[in-house]
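Right, one structure below, let's go through it.
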There are 2 protein chains.
Amino acid sequence: MGRWEPGATQRLVVAAVDLFNEQGYDATTVAQIAERAGVTKSTFFRHFSDKRELLVAGQEMLSTLLADGITEAPTGASPLAAVAAGLERAASAMGPANRELGPRLKAAVAASTELQERDALKSVGLAAAMTGALAARGVPDATAHLAGELGVLAFKRGYARWSETERDEADELAPHVLAALEDLRTATASLGVAGP
Amino acid sequence: MGRWEPGATQRLVVAAVDLFNEQGYDATTVAQIAERAGVTKSTFFRHFSDKRELLVAGQEMLSTLLADGITEAPTGASPLAAVAAGLERAASAMGPANRELGPRLKAAVAASTELQERDALKSVGLAAAMTGALAARGVPDATAHLAGELGVLAFKRGYARWSETERDEADELAPHVLAALEDLRTATASLGVAGP
């Protein structure tokens, strides 16, 4: 069994995102990422199958947290209250390292179609995780899809605000995400009707 | 100037999707797609830069139609009425060929991560086109994002129902998409509040 390097995943992600920004996604090799993170190539491959996989690192964990939070919300909770519980659980797992990564990751994604596609699929996966967990609570199909999309939108908008605002160690992600969800809920009232 | 082959785009898309289903996306070459469509490779490259680009074929046109419909909606139209106008314009451009393509494309996408990523980015692009057109009408940020996502969800759900139902030439896409939008609007009322 290989030795387990504590924090290697996090170091590899940070090293990769920095290299993507400095020299572009295509030009960055696994060897460079490993070197920058101070680990061997075989350590890289114990954590990720390739450099793109590295960007999915958080997705599975995030999906699980979102779905678990929804599943474990009180029985009588409204669809939106269940989504809020999922968002709160996922957001609570995000610390200062995630916050610092935000703007750097955003820049890397903006510069690469391949990363944009990967990032778009990530959003679809998160929405599906929430929609599935809501459907399992008996929420009707259209409502479950709508609430899942609202959840993703709230997470993205809250994360953007969190990582773009003044750094303050005590400032956590969850309140930003829940405020974004409340903004979106309020916005539903101003959609109007579809008819002429 | 090369000769313009009428319908070549459509033939290439159908040939490609069929080949993706028969033998997988990775194993399919541009030469095979061109041969199946009865055109030369250089004709392929006059239409698309590569095989993946082929799947984006409709995206730009669709984004333009959605945005134009929203932009040209009457001044007093609600955000949702503007989205409905965009959806109606885009849906009206879809005929029997699009309908037949639906299930085949769905199967090809389900079998390929690369196509799933491309497809996810397409949804993000359509939402952005609608959100941008709504923002240009003065719709506040959160409402514009929400309405853009609702529009994409309605288009997808309406398209799925249309292409999965019994074939009837007279059955058009637009009513399915508008019904899906109305379902989602109704669903906003059952989201509840986020608080406990």
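Fewest-first ordering of A:Ser123, B:Ser49 by other beta carbons within 10 Å of each residue's beta carbon gives B:Ser49, A:Ser123.
Taking each residue as 0.36 nm, the span from A:Asp68 to A:Arg104 lengthens on full extension beyond its C-alpha to C-alpha distance by 10.1 nm. FRET efficiency for the A:Lys41 to B:Ala179 pair, using the beta carbon distance and R₀ = 51 Å, is estimated at 0.40. Taking the number of Cβ atoms within 10 Å of each Cβ as an exposure proxy, the fewest-first ranking of B:Glu60, B:Glu182, A:Glu149, B:Glu169 is B:Glu169, B:Glu60, B:Glu182, A:Glu149. Listed by chain and number, the lysines placed with their C-alpha closer than 17 angstrom to that of A:Lys51 are A:Lys41, A:Lys106, A:Lys122; residues fewer than eight positions away on the same chain are left out. Kindly identify the stretch B:123-196 as rounded, prolate or oblate by the Cα gyration tensor criterion: order the square roots of the eigenvalues as a ≥ b ≥ c, call it rounded if a/c is under 1.5, otherwise compare a/b with b/c, prolate if a/b is larger, else oblate. Taking the square roots of the gyration eigenvalues as a ≥ b ≥ c, the stretch B:123-196 is oblate. Compute the separation of the alpha-carbon centres of the stretch A:88-116 and the stretch B:70-104 and state it in Å as a whole number. About 33 Å separates the Cα centre of the stretch A:88-116 from the one of the stretch B:70-104. Counting only the Cα atoms, the stretch A:2-138 fills a convex hull of 118 Å³ per residue. For chain B, modelled as a GNM whose springs connect Cα atoms under 10 angstrom apart, the maximal fluctuation among B:Ala128, B:Ala97, B:Ala37 occurs at B:Ala97. Using R0 = 22 Å, the C-beta based FRET efficiency linking B:Met61 and A:Lys156 works out to 0.25. Taking one quarter of the surface of the C-alpha convex hull of the protein assembly as shown gives a mean projected area of 22.8 nm².
Calculate, in nm to one decimal, what B:Val30 and B:Ala135 gain on full extension: separation in residues at 0.36 nm each, minus their alpha carbon distance.
Numbers: separation 105, 0.36 × 105 = 37.80 nm, distance 3.98 nm.
Here the answer is 33.8 nm.
Footprinting exposure proxy ranking of B:Val83, A:Val56, fewest other C-beta atoms within 10 angstrom first, gives A:Val56, B:Val83. By the combined test of axial Cα extent (at least 15 Å) and Kyte-Doolittle hydropathy (mean at least -0.5), the qualifying DSSP H helices of chain A come to A:8-23, A:57-71, A:79-92, A:96-110, A:113-136, A:141-164, A:173-188. Evaluated on the stretch A:68-196, the Kirkwood hydrodynamic radius is 15.6 Å, with distances taken between all distinct Cα atoms.
The distance between label points at B:Arg167 and A:Ser49 comes to 3.7 nm (points 7 Å beyond Cα on the Cα→Cβ vector).
Across the options A:Gln116, A:Gly7, A:Ala90, the greatest Cα extent toward the positive end of the charge dipole of chain A (unit charges at beta carbon of Lys, Arg, Asp, Glu) belongs to A:Gly7.
Could you work out, residue by residue across A:76-82, how many beta carbons of other chains sit within 10 Å of that residue's beta carbon, and then give the average as an integer?
Counting Cβ atoms of other protein chains within 10 Å of each residue's Cβ and averaging gives 5.
Annotation for B:Ala128 and A:Ser190: the two label points, set 7 Å from Cα along the Cα-Cβ direction, are 2.4 nm apart.
Per residue of the protein assembly as shown, the DSSP helices (runs of n ≥ 4 H) give a summed -39500 (n - 2.57) that works out to -23500 deg cm²/dmol at 222 nm. When only alpha carbons are used to place a centre, the stretch B:134-196 and the stretch B:24-68 end up 28 Å from one another.
No lab work stands behind these numbers, since they all come straight from the coordinates. Since we're looking at a predicted model, the values are computed, not measured. In this analysis, Cβ positions are derived from the backbone assuming ideal geometry, glycine residues included, and neighbour counts consider all displayed protein chains.
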